[in-house]
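The values are calculated or read from the model by the stated rules, or taken from the named source; none is laboratory data. Please read these numbers as outputs of a predicted model, since none were measured by experiment. Cβ coordinates were reconstructed from backbone atoms using ideal geometry, including for glycine residues, and neighbour counts include every protein chain displayed.
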Amino acid sequence: MKRTLTVLAVVIAAATAGAGWYLHGKQPVRDGQLPLAGLASEVTVRYDERGVPHIKAGSEEDMYRAIGYVHAQDRLFQMEILRRLSRGELAEVLGPKLVDTDRMFRSLRIRDHAAEYVKTQDKNSPAWKALVAYLDGVNQFQDSHPRPVEFDILGIPKRAFTPEDTVSVAGYMAYSFAAAFRTEPVLTYVRDELGADYLKVFDLDWHPEGVMTPKALAAADWQDLSAIARLSHAALEKAGLPQFEGSNAWAVSGSRTKSGKPLLAGDPHIRFAVPAVWYEMQASAPGFELYGHYQALNPFASLGHNLQFGWSLTMFQNDDVDLVAEKVNPDNPNQVWYHGQWVDLKSEEQSIAVKGEAPVKITLRSSPHGPLVNDALGTASGKTPVAMWWAFLETQNPILDAFYELNRADTLTKARTAASKIQSPGLNVVYANAHGDIGWWASAQLPVRPDGVNPNFLLDGASSQADKTGFYPFSENPQEENPARGYIVSANFQPVPANGRPVPGYYNLPDRGQQLNKRLSDNSVKWDLQNSQALQLDTATGYGPRFLKPLLPILREAAATDEEKALVENLANWQGDHPLDSVTATVFNQLLYQVADGAMRDEMGDAFFDNLLSTRVLDVALPRLAADEQSPWWDNRKTPQRETRADIVKAAWKDSLAHLRAKLGQDSEQWQWGKAHTLTHGHPLGQQKPLDRLFNVGPFAAPGGHEVPNNLSARVGPAPWQVVYGPSTRRLIDFADPAHSLGINPVGQSGVPFDKHYDDQAEAYIEGQYLPQHYDDNEVKANTHGILRLIPVRR
């Protein structure tokens, strides 16, 4: 027995040592010297206590090559999986279950567009040279170091990263903005299958001209649209990768701050994942210095600041996708009606490589309006081809130049010029500088649609109404510079057009923006970093009380016990806040779902109702539904009698309590928000057990909620709620002292499993802490935990 135990101990020790040796070889190198070909001179990289690199280079080319190298050290797997997702190449490493996702992304033509886009670029421009140097740094790291753990697990071969990959990832980000894929099929179904009376709750202008004739689609076509919406949502949700959802940003002029200088705040709302979307770096070369937040395979900071200026981003949420139903020639299924004649569809064969199986052949077709997106369904698609017009595919979109210039925009004029070059996806650029300027530009190239067209619905391809006659000039986009009120706030709400022409889009509820505006408009407050933190962490809006107000008399009637009556009165007195200890927030969010389910599922059917839950139009609809006692939605079509609002709300109250008791216990005092509302940062490999324990981070009890300033948001649904997206970073810069800005990463700098910076900020983030973003040389040196020197070598 002793001999056996000794042998077992030796085997365990050897295995442990082997695993330790294996994992150690995968870790980033943050101290010492490493060779990097192509450098003109040595580059110094100081890593601070959070693992943030501070790069000093002798030239811009050296700087961008070093940026690529250190970015790849921490995020190579993120770069790999993002390019594969965007290019429709996941099944090659993840197997046949990803074929549908690959087919979906191939049908979007992102990969094909990237190849054509690269051909048109000026290879001598500063932006292009920076991209080439950056990718060289990424590839040199990949070629000279052991593969990441995830590469070994999945059998991913090394393959050089290219400019086409960078453009493809930009296309994925643009696609993640495009709510039309999930929304237009739902709204068209409501209009054509249920009728105009059912549309009233969505607060849409009704314009029958230029849209499809009602009942033009067959049952199989509606199944197509539902499947497209589900595929679109699943492709983003199940990939474990960042998806842009919303954002807050504001700039306050010096007249409204304690310091007398502008203050900039920003927290883009993005789907949570491991690694987190942003990679922080401070980079400097002669004539350039910036503390920036970078996306995978992008050499330029998407968010940034220095001592002179800074900016943040929110989603514009303009509608830059139109879905177009084509009329097919009954005598030739490969022709559609366009501009008064039958024209041929273009067709292309592609092959999807599948791990462990034969390649899957797919056929991709295009009409004059764009790619046919229901080709993503393969042979299961219906008879009506649905084409996609997408600004990302149709504009010149010099986005590399835009962000190269925005990284250097030390005046309003330079920032405006850079913002004008962002054409797709639509972004709000919120800017401030040390000179005292603040500005906001809604950046996108907005298409000129014919009069009467409502792009909330599928358009009729047989009519010229589906055409675009050009683009409006950037000067007509919504924008402001140095407004008299002394502040600018951007929170994804419908912007007020300067020229009176509304911009179609899928905007968020106004409540979050109204909450921020209410606070920022208080002239008695002088803003600084401290009260700005409280504003970013605010967990309340007026949405909940607005939804509940017309329903409270019904809920008081429905309350059957003293406990239930107390819960209703708590709802009546609730201010819409979502702290961890709130029972009322839990009850409200369960009731919100049950009312939606009771009122709308019977009309929509399970598939379309599930799609509706993932749209922003539901947020608009529910308070309007609650306030409209006569809405046709209240009647349950599955019963012979006619239900009323009171019937549905009383049933929803009863079902809410039953569900919460089943999930959270009989004692309602135990239904605290933090027990029901949690955040787990998911890694792509953490989708499967037991790998979730190795790669995922969490769960954490999460304050905040859906569409409050601290927008830790879960989808409308039954308890418990898994937070899906929220602030991807929180940044605060006071331009009286921009060297002492504050920020936080939701998880950690590193994407390398078992690295100390993989998850070292996760608890601080959920607790609402802020950490210093070191900028000054002396402070960087004082907080240096490792110095990596990149040494020039010959190739």
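Residue selection: Gly751 satisfies the criterion of being on the phi < 0 side of the Ramachandran plot and at pLDDT 95 or above.
Of the residues Pro772, Pro746, Pro753, Pro738, which is part of a strand (DSSP E or B) and either within 26 Å of the chain's Cα centre (by Cα) or more than 13 Å from Pro53 (Cα to Cα) (or both)? Only one candidate passes the filter, namely Pro772.
As for region 298-317, it holds at least one residue that is surrounded by 24 or more Cβ atoms within 10 Å (Cβ to Cβ), of a type in the set (S, T, N, Q) and modelled with pLDDT of 95 or more. Per the conditions (1) under 20 Å from Val583 (Cβ atoms); (2) polar (S, T, N, Q); (3) in a strand (DSSP E or B), the sole criterion not satisfied by Asn710 is (3).
Only residues that are surrounded by 11 or more Cβ atoms within 10 Å (Cβ to Cβ) and farther than 16 Å from Lys383 by Cα: list them for region 329-343, please.
Tyr338, Trp342, Val343
Residue count for region 274-303, restricted to those that are of a type in the set (Phe, Trp, Tyr), assigned to a loop (DSSP other than H, G, I, E, B) and farther than 30 Å from Leu691 by Cβ: 1. For region 113-161, taking the residues that are touching a residue at least 24 places away in the same chain (Cβ under 8 Å) and acidic (Asp, Glu), the one that is farthest from Leu364 (Cα to Cα) is identified as Asp136. Of all residues in region 781-795, those satisfying the criterion of being in contact (Cβ under 8 Å) with a residue 12 or more places away in the chain and not basic (Lys, Arg) are Asn783, Thr784, His785, Gly786, Ile787, Leu788, Leu790, Ile791, Pro792, Val793.
Reported count of residues in region 497-511, each being out of contact with any Ser or Thr (no Cβ under 6 Å at 6 or more places or on another chain) and in contact (Cβ under 8 Å) with a residue 40 or more places away in the chain, is 6.
Pairs linking a residue in region 460-471 that is farther than 16 Å from Asp319 by Cβ to a residue that is surrounded by fewer than 20 Cβ atoms within 10 Å (Cβ to Cβ) and among the aliphatic types (A, V, I, L, M), with Cβ atoms under 7 Å and 6 or more positions apart or on different chains, are Thr469/Val448; Gly470/Val448. All of (1) closer than 21 Å to Glu116 by Cβ; (2) at pLDDT below 95; (3) within 28 Å of the chain's Cα centre (by Cα); (4) not in a helix (DSSP H, G or I) hold for Thr363 with one exception: (3). Of the residues making up region 529-540, none is more than 31 Å from the chain's Cα centre (by Cα), at pLDDT 95 or above and of a type outside the set (Asp, Glu). Looking across Asp597, Asp619, Asp606, one residue alone is closer than 23 Å to Asn508 by Cα, in a helix (DSSP H, G or I), of a type outside the set (A, V, I, L, M, F, W, C) and modelled with pLDDT under 95. It is Asp619.
In region 165-197, which residues are at pLDDT 90 or above and either touching an Asp or Glu at 6+ places or on another chain (Cβ under 7 Å) or among the polar types (S, T, N, Q) (or both)? Scanning region 165-197 gives Thr166, Ser168, Leu194.
Among the candidates Gln282, Gln295, which residue alone is surrounded by 21 or more Cβ atoms within 10 Å (Cβ to Cβ) and within 20 Å of the chain's Cα centre (by Cα)? Give the steps one after another, and end with the answer.
Values: Gln282 fails: within 20 Å of the chain's Cα centre (by Cα).
Criteria check complete, one pass: Gln295.
Given (1) farther than 18 Å from His578 by Cβ; (2) β-branched (Val, Ile, Thr); (3) touching a residue at least 60 places away in the same chain (Cβ under 8 Å), where does Ile744 come up short, assuming only one miss? With respect to (1) farther than 18 Å from His578 by Cβ; (2) β-branched (Val, Ile, Thr); (3) touching a residue at least 60 places away in the same chain (Cβ under 8 Å), Ile744 is out only on (3). When region 152-181 is filtered for residues that are of a type in the set (Lys, Arg) and surrounded by 23 or more Cβ atoms within 10 Å (Cβ to Cβ), nothing remains. Taking the condition on the phi > 0 side of the Ramachandran plot and either modelled with pLDDT of 95 or more or assigned to a strand (DSSP E or B) (or both), does Gly260 pass? The answer is yes for Gly260. Would you be able to say whether some residue in region 410-419 is at pLDDT 95 or above, in contact with a Pro (Cβ under 6 Å, 6 or more places away or on another chain) and buried (at least 24 other Cβ atoms within 10 Å of the Cβ)? The answer is no; no qualifying residue exists.
Residue-level check: of (1) free of Cβ contacts under 8 Å to residues at least 40 places away in the same chain; (2) β-branched (Val, Ile, Thr); (3) more than 30 Å from Gly340 (Cβ to Cβ), Ile399 misses just (1).
Here is a list: Ser367, Ser347, Ser302. Which entry is in contact with a strand residue (DSSP E or B) (Cβ under 8 Å, 6 or more places away or on another chain) and closer than 30 Å to His54 by Cα? Show your work before the answer.
Values: Ser367 fails: closer than 30 Å to His54 by Cα; Ser347 fails: closer than 30 Å to His54 by Cα.
The unique qualifying residue is Ser302.
Listed by first and then second residue, the pairs with beta-carbon distance under 6 Å, at least 6 apart or on different chains, first residue in region 45-65 and in a strand (DSSP E or B), second of a type in the set (Ser, Thr, Tyr), are Arg46/Thr784; Pro53/Tyr47; Lys56/Thr44; Lys56/Ser284. Listed by position, the helices (runs of 4 or more DSSP H) enclosed by region 87-198 that each have at least 1 residues that are closer than 30 Å to Ser631 by Cα are 180-189.
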